[in-house]
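Quick notes on the structure that follows.
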Amino acid sequence: MKKYGIAIFIVTLFASIWILSSYTKSYTQNEVFSYLVKAQGYKPSEIFSVETQIAKAPLISTQVIFKDEINARYFYKK
């Protein structure tokens with residue numbers, strides 16, 4: 001019985017971490033995209049991609065690539 005409790009706790013812990021990191025990535029991507037469109041005046045059609053990564057320490061980095069500069073990468077860190 002004790003083994004099942006520990007196993008359930010570990011599975012719940014990992015599932016919670018995965019859900020939280022997925023939510024954080026999605027929220028940050030949407031936040032940067034909205035910032036570029038609303039505050040900076042870019043059109044959504046000018047943005048090629050927006051990708052968020054979670055690195056070591058509590059560092060969240062979002063990479064933006066514009067259609068007119070495919071080889072250039074712009075990073076927004078939080």
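Please work out which residue is farthest from the chain's Cα centre (by Cα), limiting yourself to region 5-32 and to residues that are of a type in the set (G, A, S) and more than 22 Å from Q53 (Cβ to Cβ).
Quick first cut of region 5-32, residues of a type in the set (G, A, S) only: 5, 7, 15-16, 21-22, 26.
Adding the requirement that they be more than 22 Å from Q53 (Cβ to Cβ) leaves 5, 7.
On the way: G5: 32, A7: 29 Å.
Selected residue: G5.
Would you mind stating whether I19 is assigned to a helix (DSSP H, G or I), at pLDDT 95 or above and either open to solvent by 80 Å² or more (accessible area, probe 1.4 Å) or of a type in the set (D, E) (or both)?
It is true that I19 is assigned to a helix (DSSP H, G or I), at pLDDT 95 or above and either open to solvent by 80 Å² or more (accessible area, probe 1.4 Å) or of a type in the set (D, E) (or both).
Would you check which residues across region 35-55 are assigned to a helix (DSSP H, G or I) and within 19 Å of K77 (Cα to Cα) and list them?
Correct list: Y35, L36, V37, K38, A39.
Please find, among Q40, Q63, Q29, the residue that is open to solvent by 80 Å² or more (accessible area, probe 1.4 Å), among the polar types (S, T, N, Q) and out of contact with any Gly (no Cβ under 9 Å at 6 or more places or on another chain).
Numbers: Q63 fails: open to solvent by 80 Å² or more (accessible area, probe 1.4 Å); Q29 fails: open to solvent by 80 Å² or more (accessible area, probe 1.4 Å).
Being open to solvent by 80 Å² or more (accessible area, probe 1.4 Å), among the polar types (S, T, N, Q) and out of contact with any Gly (no Cβ under 9 Å at 6 or more places or on another chain) holds for just one of Q40, Q63, Q29, which is Q40.
Name every residue in region 43-56 that is in contact with a Ser or Thr (Cβ under 9 Å, 6 or more places away or on another chain), surrounded by fewer than 15 Cβ atoms within 10 Å (Cβ to Cβ) and of a type in the set (S, T, N, Q), in order of residue number.
Of everything in region 43-56, just one residue is in contact with a Ser or Thr (Cβ under 9 Å, 6 or more places away or on another chain), surrounded by fewer than 15 Cβ atoms within 10 Å (Cβ to Cβ) and of a type in the set (S, T, N, Q), namely Q53.
The values are calculated or read from the model by the stated rules, or taken from the named source; none is laboratory data. These figures come from a predicted structure and were not determined experimentally. Cβ coordinates were reconstructed from backbone atoms using ideal geometry, including for glycine residues, and neighbour counts include every protein chain displayed. To get the accessible areas, we keep the full protein, side chains included, count just its heavy atoms, and leave off ligands, DNA and RNA. Shrake-Rupley method; radii C 1.70, N 1.55, O 1.52, S 1.80 Å.
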